[in-house]
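See structure below.
Any read-out appearing in this document is the output of simple, stated calculations on the displayed coordinates, not a laboratory observation. These numbers come from a predicted model, not from an experiment. Cβ placement follows ideal geometry from the backbone for every residue including glycine, while neighbour counts extend to all protein chains displayed.
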Amino acid sequence: MAIYIDEKICKGCKLCIHFCPNNVFQMRNKINNKGFVIPDVVNESKCTKCKLCELTCPDLAIFVE
Amino acid sequence: MVQQRTNPLRKYIRNRKLPHFFCPGCGCGQILNYFLKAVDDLQLDFKKIITIGGVGCTARIPIYLNTDSLHGVHGRTLAWATGIKLYRPDLKVVIFAGDGDLVSIGGNHFLHASRRNLDVTVILVNNFNFAMTGGQVAPTTPFNSVTMTTPYGSKENTIDVCKLAVSAGATYVSRWSTAKPIQTVKSIKKALQHKGFSLVEILSQCPTNFGRYALRTGDPEKVLEWIKNRSISKTKAEKLNEHELKDKFILGEFIDKKRPVFQGTTLFKEEDN
């Protein structure tokens, strides 16, 4: 199991943090090529594969496998 | 197994079109995602779907989809849909329209398409203002909220799009919000399978214009929270009186029935459902 974030198209809206019930994502000081501060996968072991982040990402940047 | 690192729904999107033009945290991107999920679950043929967008933020959604699409005149989406549907009834027509596009400028087309029961699916994204042009007041803007053109608060009453569609004669009407992804996907699936005029109104967050002017925040999470706090389910709303429901958005399915579909004036058959 893995959570992938497409760093090139993420816009850092933080909606994945809002929708995730288990606080898997967190904002750190990670910046992508366009200057957006993007979220990081922190607690991957807590993920239950509900795929809410994949469904609610406005940029289709997240993929849960 | 080959490791797939991107969202599988991206196969429905035109090459090199991502990242799209929507602001960070815009609900239109989420609705694009929900629509693709619904189409993927139903296994619909993308070559048999036509998507139409008028003018506005929401109307940009068909640009990213790998279907045949039309994009152009403001508010005239349903007029085009009527023409397409009468000439090629085998095609599935999906309309993406904002509240300013469909209810304000194309309001007349909306009334008459629902009256005729045209066999199209309308996905109405309601973000409470004219977002693309800078946040002007729209017929769906809540009472007393500040927008670009109403700096002392809007004194106009709002229009209830779902009630309007039901009374005009639409046969499937529901309202959900981007804060409820599972229900929205379910409702879009139902609307795509429904024969007749189906409307799914989705309340969506606009952090850049509505959020900054009316709610004094540019944070999509806070705008989403505001929608969530104002939303109420249909079963709960039935127990409350009119005064308590004054500033609430009622979510749920309002009508689901069958009625003869419009097939042109000379070809109208009553027994055909």
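Taking the Cα centre of chain B as origin, work out the dipole magnitude from +1 charges on Lys and Arg Cβ and -1 charges on Asp and Glu Cβ, in debye rounded to 20.
About 540 debye.
Whole Å is fine, so just give me how far the alpha carbon centre of region B:204-254 lies from that of region B:76-103.
With region B:204-254 and region B:76-103 each reduced to a Cα centre, they are spaced 28 Å.
Say we join alpha carbon atoms closer than 10 Å with springs in a Gaussian network model of chain B; which of B:244, B:156, B:225 then has the biggest fluctuation?
Comparing B:244, B:156, B:225 in a Gaussian network model of chain B, the most mobile one is B:244.
In region B:78-157, which chymotrypsin sites (Phe, Trp or Tyr not before Pro) are in a loop and have at most 14 other Cβ atoms within 10 Å, using DSSP for the loop call?
The qualifying sites are B:143, B:152.
Hey, how many Å between the Cα centroid of region B:166-201 and the Cα centroid of region B:1-57?
Measuring centre to centre over Cα atoms gives 18 Å.
Average partner chain C-beta neighbours within 10 Å, per residue of B:26-33?
5
Summarise the partner chain shielding of A:8-20 as one whole number: the mean count of Cβ atoms from other chains within 10 Å of each residue's Cβ.
Rounded to a whole number, the mean comes out at 5.
Let me see the pair-distance distribution of the protein assembly as shown: every alpha carbon pair, 10 Å bin width, integer percents in order.
P(r) for the protein assembly as shown, in whole percents per bin: 6, 25, 34, 23, 10, 1, 0.
Using DSSP, restrict attention to beta bridges with both residues in the protein assembly as shown and report what percent are antiparallel, rounded to the nearest 5.
Here the antiparallel bridges make up roughly 30 percent for the protein assembly as shown.
With a sphere of radius 14 Å drawn around the Cβ of residue B:44, what net charge do the other residues whose Cβ falls strictly inside it have (Lys, Arg +1; Asp, Glu -1)?
+2
Quick one: of the DSSP bridges fully inside chain B, what percent are antiparallel, nearest 5?
If we restrict to bridges inside chain B, about 15 percent are antiparallel.
Using each residue's phi in region B:123-137, evaluate 6.51 cos²θ - 1.76 cosθ + 1.60 at θ = phi - 60° and report the 3J(HN,Hα) Karplus result to the nearest Hz, with x for Gly and Pro.
Residue by residue, region B:123-137 yields 9, 9, 9, 9, 10, 6, 6, 8, 7, 5, 8, x, x, 7, 6 Hz.
Charges at C-beta only: +1 for Lys and Arg, -1 for Asp and Glu. How large is the resulting dipole of the protein assembly as shown about its Cα centre, in Debye rounded to 20?
Charge dipole of the protein assembly as shown: 320 debye, to the nearest 20.
Would you grab the residues whose amide H sits under 5 Å from the one on residue B:217? Only those 5+ places off in sequence or on another chain, please, with H modelled 1.01 Å from N.
Counting only residues 5 or more places away or on other chains, the set is B:212.
Give me the percent relative contact order of chain B, please, defined on Cα pairs under 8 angstrom at least 6 residues apart.
17
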